[in-house]
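Asker: Pasting in a structure now, in C-alpha cells, and then I'll have a few things to ask.
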Amino acid sequence: MRRCLLTLPALFLLAPAFAATYYVDGSVEKASDKAAGTEAAPWKTISRAASAPELKPGDTVLIKSGVYREAVHIKVSGTVGKPITFAAAPGARVVIKASEIVKGPWKKLKSDPAVKEPYPNAFTDIWKITLGDEFFADKDFPGCYDDKSRRWVSQVFIEDRQPLQRIGPDPIYGNDGGTRLTTVGRGLADMVENSFFFDATDQTLYIEVGGEPGWYSIEVGVRGWALTADQVHDVVIRGLQMRQNRQPGGQWPMVSIGRCERVIVDGCTIQESDFAGLGIGSNKRCIVRNCDLSYNGNTGLGMGQCEDCTVEDCTLTFNNYRRFHPGWHCGGMKCIPANKRCTIQRCESAYNVWSPGIWFDADNEDIRIIDNVVHHNGTDGIFFEINGHATPDSRGGLIAGNLSYSNYGRGIYISGSQRVWVVHNTVAGNDGGIIVMPREEKFTIEEDQVLNNLLLDNYVRADTITRGCDLILFMAATGQEWDPGKRTITSDHSDYNLYANTTWTPTMRHSWNPNNTLQQWRERFGEDIHSRLMPVEFDVSGTGFKLLTTKGLDGACALPTALDWKPKTPGRVGSAITRWP
C-alpha cells in the first residue's frame, strides 16, 4: 500500500487564510499613520485605512471613539463573500466631521468705532472673526484656495447640532431670484439671534447668538465630503456618524457612494449636510440599511442610475431644514433618474420641510416602494412621477403595504407614470388621497392599478369649501367637467378599495376638480365596482396613528403572482401597519 505524505509547506497551502483586523484610534498619542495598524499601534486617521495596501478581502478596520475631521475616500475592494469592512469598534462613537472649530478670539461688532449702526442697537449682540485661509483649503476642490470668489461659508453650527440661519443670498443657490433656496435678509442689518452672515471680501464671519461665542463650540463646514467610495466593490461601512460639510458648488452629497457594486452602508448616521446627506449613483446591488438620514439641508438620500439596490429600515426625518423650494429635489429621499429594480422598504420618512417623504422622478423602472411609513411631510407622502417610459414595455413599479398619513399634500401621487400598481396601502388624513394624473403629452398614464387600499378622510375642510378627495383617477372624459360623458383613457383602473364614510362622504374625481360619489363613479366610469363604503375609525394623536376599527376590513382581491409581493393578510384591504409608532 502506498501512502501520500504531505510536506509541511503543502499543509500551509491548504490551510484557510485568516482575515486580519486593523485599528484606527485618533485619540491616543501613540497613533500614527506610519504605524502597523494594530490595536497596540493603531493608525491615526480613517483616511489611512481607506486606501491601505495592507487590506485584503475579508479584512476589518475597527475605528475607536473620537471626532475625525477629515475627508475619507475609500479606495480598496473586497471580493464576493469577503468584503472589506470599515466599522465603529464595539461600543465606540465615531464621528467624521467635514467641519472645523472656530477658536477665536471673537470681537464684538458694537465695540468697533468704525462701524455705523443702521438703527439703534442693531449690532448689540453681533460678534465677528476673520477666518484664515485654512478654512478654504479643501484639497478635493482644486482652485478653491487660490480663487477667492469660491470662498464662502454655507453652514455654521453652534453646540455641535444646531445650524445657524444664513443671512443673505446663498452663493450657489441664491442667485436665481430665490426660486431654488429661500433667501433670508440681505446683510448685517437683517441678522437675528441664531444667525450668521459671511462677508467674502475680507473673509469675516459674523454671528449672533445668545451670549459670547466663546461660551460655545462654533463649527464651520469646510470640506465638501465626509466620506466617499468610488468604483470599489464588496465593502461594508458600519456604525459611523458623518456630519457638517461645506457645499463646494452644485448638488453634491456629503457622503457619496458612486459607480460601486455590493457596497453596504449599515447603521450609519448622516446628518447636517449642506445639500444631500447620502448620494448613491450608478451603483449595482448596493444596500443602505438601518441608517439615520435626517436633518440634512436639502435631502436625506439621493439615488440615481442605480440597479438592484435596496434602501431598508432607514429613518429620513426633518430634512430640507435650509428650506429649498419644494420643486428643487428636496425631501426625505429624491431618486432621479433611471433607477432600475430598486427597492425602498420598511423606512420612516416624516417631517420633511416643504417636500415629499419618498420621491421618484424620471424614467425609473420596476421600483418597489413597500411597507414604509410616510407622515407629516410638507407636501406628498409618496410622489412617483414620469416613470416607466424608458421602453414601450417599461413598468413603473409597485407601491404596496405603505402607511401614508397626515401629509400636507397627497398621500400617494402618481404623476405621468405607466404600469404602476398601488395596492394594499392605508392612506389617511392627508390633504388628498391617491392621485393618478398625466403630465405633458409624453408622460401619459397607462395601465395603472389602484387596488385593495384603505382610504380614510383625505380632505381639507374650511367654513365654506372642502378640498381634496380620496381618489383621483384621470379619465380624459369627453364632456363637461360636471357632465363628464365618455372616458377616453381606459387602461387605468381602481377596485376592491374601502372608502371610510364615518362622518364624511367619500368622493372620487375623474380630473382635478369635479366630485363623484361612489355610485356616480360606478355608473359613469365603471370603476370601483367591488369597492365598499364603511364606517372606519382612526386616530391621529400628536404625530402618531392608530387604526381603531379592526373588523370588516376584508374583501381584497388576489394580486397577480408576477408582482412578486404578498400582503401579510391577503384578504384584508390596506396596510398591515395599523399603528405608528
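Read the figures in this text as sums done on the coordinates, not as results from a lab. All values derive from a computational prediction rather than experimental measurement. Glycine gets a Cβ as well: all are built from the backbone with ideal geometry, and neighbour counts include every protein chain shown.
Asker: Divide, for the chain, the radius of gyration over alpha carbons by 2.2 N^0.38 Å, where N is the residue count. Numbers along the way, then the final one.
Answerer: Numbers: Rg = 27.5 Å, N = 581, 2.2 N^0.38 = 24.7 Å.
Expressed relative to 2.2 N^0.38 Å, the Cα Rg reads 1.11.
Asker: Sort S282, S77 by Cβ crowding within 10 Å, fewest neighbours at the top. Show your work: numbers first, answer last.
Answerer: Working: S282 15, S77 19.
Going from least to most buried by this count: S282, S77.
Asker: Something else about it: Hey, what's the per residue convex hull volume over the C-alpha atoms of the range 341-410, in cubic angstrom?
Answerer: Details: hull volume 4.9 nm³, N = 70.
Output value, Cα hull per residue: 70 Å³.
Asker: If you don't mind, another one. Go through 166-172, 271-277, 413-419 and give me the packing order, highest mean Cβ count within 10 Å leading. Write down the numbers at each step before the final one.
Answerer: Numbers: 166-172: 19.6, 271-277: 27.7, 413-419: 24.3.
In descending order of packing, they fall as 271-277, 413-419, 166-172.
Asker: Looking at the range 227-277, which trypsin sites (Lys or Arg not before Pro) are in a loop (DSSP not H, G, I, E or B) and have at most 16 other Cβ atoms within 10 Å? Kindly include the intermediate steps, with their values, before the conclusion.
Answerer: Values: sites: R238, R243, R246, R259, R262; in loops: R246, R259.
Sites meeting the loop and neighbour criteria: R259.
Asker: Can I ask one more? So what is the relative contact order of the range 397-542, in percent, for Cα pairs below 8 Å that sit 6 or more residues apart?
Answerer: On the way: 374 pairs, mean separation 27.7, N = 146.
Taking the mean separation of contacting Cα pairs over the length of the range 397-542, I get 19 percent.
Asker: Taking the radius of gyration and the Kirkwood hydrodynamic radius from Cα positions alone, what is the Rg/Rh ratio for the range 142-257, to two decimal places? Provide the component values of the computation, followed by the final result.
Answerer: Numbers: Rg = 16.1 Å, Rh = 15.9 Å.
Rg/Rh: 1.01.
Asker: I would also like to ask the following. Just to be sure I understand: of the beta bridges DSSP finds with both ends in the chain, what percent are antiparallel, rounded to 5? Let's see the in-between values first.
Answerer: Numbers: 33 of 158 bridges.
Percentage antiparallel, nearest 5: 20.
Asker: So, one more: Calculate, for D393 and Q480, the FRET efficiency according to 1/(1 + (r/R0)^6) with r their C-beta to C-beta distance and R0 30 Å; round to the nearest 0.05. Don't skip to the answer; put the middle values down first.
Answerer: Numbers: r = 36 Å, r/R0 = 1.20.
Approximately 0.25, to the nearest 0.05.
Asker: Filter the chymotrypsin sites (Phe, Trp or Tyr not before Pro) in the range 18-94 to those in DSSP coil with at most 15 other Cβ atoms within 10 Å of their Cβ, and list the result. Could you put the intermediate results ahead of the total?
Answerer: Numbers: sites: F18, Y22, Y23, W43, Y68, F86; in loops: F18.
Listed in order of number, the matching sites are F18.
Asker: How much mean residue ellipticity at 222 nm does the chain get from its helices, if each DSSP H run of length 4 or more adds -39500 (n - 2.57) and you divide by all residues, to the nearest 500 deg cm²/dmol?
Answerer: Details: 3 runs with 20 residues, N = 581.
Value at 222 nm, helices only, nearest 500: -1000 deg cm²/dmol.
Asker: Let me ask something else about it. Where in the range 449-506 are there chymotrypsin sites (Phe, Trp or Tyr not before Pro) that are in a DSSP coil and have at most 12 other Cβ atoms within 10 angstrom of their Cβ? Numbers along the way, then the final one.
Answerer: Working: sites: Y459, F474, W482, Y496, Y499, W504; in loops: Y459, F474, W482, Y496, W504.
For chymotrypsin sites (Phe, Trp or Tyr not before Pro) across the range 449-506 that sit outside H, G, I, E and B with at most 12 neighbouring Cβ atoms in 10 Å, the list reads W482.
Asker: Hey, if you drop one equal point scatterer on each alpha-carbon of the range 378-581 and run the Debye formula without solvent, what base-10 log of I(q)/I(0) do you get at q = 0.13, 0.18 Å⁻¹?
Answerer: Log10 of I(q)/I(0), two decimals: -0.66, -1.32.
Asker: Taking the DSSP beta bridges in the range 378-581 as the whole, what percent of them are antiparallel, to the nearest 5? Provide the component values of the computation, followed by the final result.
Answerer: Working: 11 of 47 bridges.
Among the beta bridges of the range 378-581, antiparallel pairing accounts for roughly 25 percent.
Asker: Under the Karplus relation 6.51 cos²θ - 1.76 cosθ + 1.60, θ = phi - 60°, what is the ordered set of whole-Hz ³J(HN,Hα) values for the range 28-36, x standing for Gly and Pro?
Answerer: 9, 5, 7, 5, 7, 6, 9, 6, 7
Asker: Taking amide H positions as placed 1.01 Å from N in the peptide plane, with prolines and chain starts having none, which residues 5 or more places from G397, or on another chain, fall under 5 Å of its amide H?
Answerer: Under 5 Å from the amide H of G397: D366, I367, V420, W421.
Asker: Another one. What is the calculated FRET efficiency for K442 to D199, with r their C-beta to C-beta distance and R₀ = 51 Å, to the nearest 0.05? Mind showing how you got there, number by number?
Answerer: Working: r = 47 Å, r/R0 = 0.92.
That gives a FRET efficiency of 0.60.
Asker: Can I ask one more? Hey, what do the phi angles of the range 480-497 turn into as Karplus ³J(HN,Hα) couplings, whole Hz, using 6.51/-1.76/1.60 and θ = phi - 60°, x for Gly and Pro?
Answerer: My calculation for the range 480-497 gives 6, 3, 8, 9, x, x, 8, 7, 10, 9, 10, 9, 9, 9, 9, 6, 6, 8 Hz in order.
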